[in-house]
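The values are calculated or read from the model by the stated rules, or taken from the named source; none is laboratory data. Quick caveat, the model's predicted, so the values are computed rather than measured. Counting neighbours? That spans all protein chains shown, and the Cβs are built from the backbone with ideal geometry, glycine included.
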Amino acid sequence: MKKNLLKNLCEITDYIHPRSHLVLGLDFDGTLVPIQDISSSVFLENKMRTLLDVLSKKENITIAIISGRSLDDLIEKVGLDNVVYAGNHGLNIRGPGLRKIDVKALQKQPILEKAFGLCKNLTRKFPDIFIEDKTLTFAIHYRNLNLKKTHELHSSLKSIVSELGDLVIKTGKCIFEIYPAVETNKYTALSWVTSQIGNDTNIGKIYLGDDDTDEDVFRSLKDGIGVNVGQKENSCSNYFLRDPIEVEEFLSWLGQCDFGLSTIVQKY
């Protein structure tokens, strides 16, 4: 059974203290903000933004917000300058002195555009779905579908992806995402951000996320700490937090602590 992070902060202290630097990776929806039926209506509370701002200004901490949202949407929602943003599950990354885009994903855009057109036709059969264009990917929101219709929609999407090739379907909370068949995911994004700090092998990594796509990080983060938000039973994470309110409590604790990290390294 996973342990509640807030009840085991002494273990987090022991992990962080000998590190030269800490990379704190965070999902957005369901982690920093509650899940909403309409994604455009989501906004970051001022208290959470302030906590992130305080942490991002610490010389020995790098904040990386890694989301399925498009990069521009993510930056607009958070609105902080000293943070690394990774949109489209890491396909597009931007931060202070950093910029990266998955070239292979760009090369697959013509196929993605064909899939987008075919999926738009599905709105005739499934009028309750909403298709969101996120440039490098696109998402089909199906929150208002019943279970039978959801299975039918998934089957239709698998047929489209199979016919076109070079695409995959990622699943989330009431969402199917059509994604180019590339190796990039949230874990590779976190690893790339960490690599940009320097060659120091003593960098700590903590990642918080609530979605299926965050499991890519939890499965691969052998030298770090994974925290599932929402108590997912089969999560590969080390710890859990119940909701964004507990995430806020953890970030507040982290911002007030003086761990005396072993060596201060210059960011980027």
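Could you check how many residues of segment 161-170 are surrounded by 14 or more Cβ atoms within 10 Å (Cβ to Cβ) and out of contact with any strand residue (DSSP E or B) (no Cβ under 8 Å at 6 or more places or on another chain)?
The qualifying residues number 1.
Do you know which of the residues in segment 76-100 that are of a type in the set (V, I, T) and either assigned by TED's automatic domain parsing to the domain that holds I140 or within 17 Å of L32 (Cβ to Cβ) (or both) is surrounded by the fewest Cβ atoms within 10 Å (Cβ to Cβ)?
Ranking the candidates gives V83 first.
Does segment 129-177 hold any residues that are part of a strand (DSSP E or B) and over 16 Å from the mean Cα position of the chain (by Cα), and which are they?
F130, I131, E132, D133, I140, H141, L167, V168, I169
Given (1) touching a strand residue (DSSP E or B) at 6+ places or on another chain (Cβ under 9 Å); (2) under 24 Å from E45 (Cβ atoms), where does E76 come up short, assuming only one miss?
Only one criterion in (1) touching a strand residue (DSSP E or B) at 6+ places or on another chain (Cβ under 9 Å); (2) under 24 Å from E45 (Cβ atoms) is unmet by E76, namely (1).
Table: residues versus (1) without any contact (Cβ under 8 Å) to a residue 40 or more places away in the chain; (2) acidic (D, E); (3) closer than 25 Å to D27 by Cα.
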{"residue": "L157", "(1), (2), (3)": "yes, no, no"}
{"residue": "I169", "(1), (2), (3)": "yes, no, yes"}
{"residue": "I178", "(1), (2), (3)": "no, no, yes"}
{"residue": "D212", "(1), (2), (3)": "no, yes, yes"}
{"residue": "I225", "(1), (2), (3)": "no, no, yes"}
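Which pairs have Cβ atoms under 9 Å, sit 6 or more apart or on different chains, and link a residue in segment 71-83 that is at positive phi to one that is hydrophobic (A, V, I, L, M, F, W, C)?
G79/L44
Report yes if D72 is more than 30 Å from S162 (Cα to Cα) and part of a helix (DSSP H, G or I), otherwise no.
no
Looking for something surrounded by fewer than 21 Cβ atoms within 10 Å (Cβ to Cβ), of a type in the set (D, E), in contact (Cβ under 8 Å) with a residue 24 or more places away in the chain and assigned to a helix (DSSP H, G or I) - is there at least one such residue anywhere in segment 49-58?
Yes, segment 49-58 contains at least one residue that is surrounded by fewer than 21 Cβ atoms within 10 Å (Cβ to Cβ), of a type in the set (D, E), in contact (Cβ under 8 Å) with a residue 24 or more places away in the chain and assigned to a helix (DSSP H, G or I).
Would you confirm, using the coordinates I've provided, whether I111 is surrounded by 15 or more Cβ atoms within 10 Å (Cβ to Cβ), modelled with pLDDT under 95, within 17 Å of E177 (Cβ to Cβ) and not acidic (D, E)? It would help to see each step written out before you state the result.
Details: surrounded by 15 or more Cβ atoms within 10 Å (Cβ to Cβ): yes; modelled with pLDDT under 95: no; within 17 Å of E177 (Cβ to Cβ): yes; not acidic (D, E): yes.
Answer is no for this residue.
I'd like to know if segment 13-22 contains one or more residues that are under 19 Å from the mean Cα position of the chain (by Cα) and either over 21 Å from T188 (Cα atoms) or not in a helix (DSSP H, G or I) (or both).
yes
Out of D27, D14, D102, which single residue is modelled with pLDDT of 95 or more, of a type in the set (D, E, K, R) and more than 19 Å from E215 (Cα to Cα)?
Numbers: D27 fails: more than 19 Å from E215 (Cα to Cα); D14 fails: modelled with pLDDT of 95 or more.
Just a single option satisfies the conditions, and that option is D102.
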